[in-house]
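Below is one structure; the comments refer to it alone.
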Amino acid sequence: MAKEKKAKKASNPEMVKAIISAVTAILCVVAVVITSFSITGKICETNLSIAEKSAASAGSVSGSVSTDDGSSYVDDSAPVVDDGTAAPDADAPADGSTATDDTAAPDASAPAGDSAASTGAPVGNDIAKIVAYYNAAANNTKAYKGTMKLAILQGTTSKITESSLPSVAVDVANGLLPNDYPTKKTFTVKNGQGEGYNERKQENESKPLNDILPIDGNPKMSTLVPAGVKSAKCEKVAGGYKVTLVLKQEVIHSLDDKPKHHYSCMDVLDITSDDIKPFTAKQFDIKYPGATLTAVINDKNLLTEFDVNEPVLVDGVCAMAPIVNNAEIFIDASWKQNVKFTY
């Protein structure tokens, strides 16, 4: 990955900038082929720097049905999976928090507002309850004020699969695209501030936890709603409960937009129209087919593992007057992130 720029406060610094770097890289290569102007090389060098940081990723499911207005209701006829754990509290609020069992000793370092029900996780496939359970644990984790260690494995893969340009140009451009998966990082976080090391860059990093975990720059790690989830599963595993969420497909048509549901719980494409100048984005269809998010939650309602596999597909048309009027490309990319937490 190219050298990191300072992260923009309102954006994600870690997601698939490789997608748009594909556009800039391939058009630069073509510009070199069709013109001898010395300025072309400078333009390429400028725009390839955009790739310095790769970004952060229908149907109903038994137990929950999403409605068009963003709400959801529970299907009482859905089968219930019983693994011997107690059933979750039916009166638990739907805003991401759940009731606390007085018999469980609370974690002194955890925030007081988002404590999990110690009577049992919502084992089964109830989307609304599982989303609420995950949100509470994820947000507790990001608000944690004690000491924790993070072992992170993340990065982007990207490849131009089709283009209206000559194959030789595509081959050269693909060789220029950043594919930085896996990048290993470690952080020790105390009172919300992380000190770490990036093995790929072989350099130290210092970041607040708000910028290490999604949503970047936000005190919340997840504001996901059931309407954005295609399927959900919660199961008992060693060390706690494993939650698996598959998001619904989202498509955006502007570099300045964000996919609502993906952006509510994970890193996504982070780039604007200004970032790719002097290229002009004439048309972009950016498809998030539906990322898979998995997490393991311990009995203190804290994450012990967080994993994202987020594919992104781009069909784009760009121009760079007067050298290139229209260049169509198809890019297959993905953002992957795995974080293991030790308390």
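The values are calculated or read from the model by the stated rules, or taken from the named source; none is laboratory data. Keep in mind that what you see is a predicted model, and the values were worked out from it rather than measured. Note that we place each Cβ from the backbone using ideal geometry, even for glycine, and neighbour counts take in every protein chain shown.
Among the residues of the range 228-248, those identified as surrounded by fewer than 19 Cβ atoms within 10 Å (Cβ to Cβ) and small (Gly, Ala, Ser) are Ala238, Gly239.
Scanning the range 249-273 for residues that are assigned to a strand (DSSP E or B) and buried (at least 24 other Cβ atoms within 10 Å of the Cβ) turns up nothing.
Testing Ala291 on (1) over 21 Å from Thr244 (Cα atoms); (2) surrounded by 17 or more Cβ atoms within 10 Å (Cβ to Cβ); (3) small (Gly, Ala, Ser), one condition comes back false. Which one is that? Exception for Ala291: condition (1). Please indicate, with yes or no, whether at least one residue in the range 182-191 is among the β-branched types (Val, Ile, Thr), within 30 Å of Glu328 (Cβ to Cβ) and touching an Asp or Glu at 6+ places or on another chain (Cβ under 8 Å). Among the residues of the range 182-191, not one is among the β-branched types (Val, Ile, Thr), within 30 Å of Glu328 (Cβ to Cβ) and touching an Asp or Glu at 6+ places or on another chain (Cβ under 8 Å), which makes the answer no.
The residue of the range 310-332 that is farthest from Ala137 (Cα to Cα), among those that are at pLDDT 90 or above and touching a Leu at 6+ places or on another chain (Cβ under 8 Å), is Phe330. Restricting the range 132-177 to residues that are crowded, with 23+ Cβ neighbours inside 10 Å and hydroxyl-bearing (Ser, Thr, Tyr), the residue that is nearest to the chain's Cα centre (by Cα) is Thr156.
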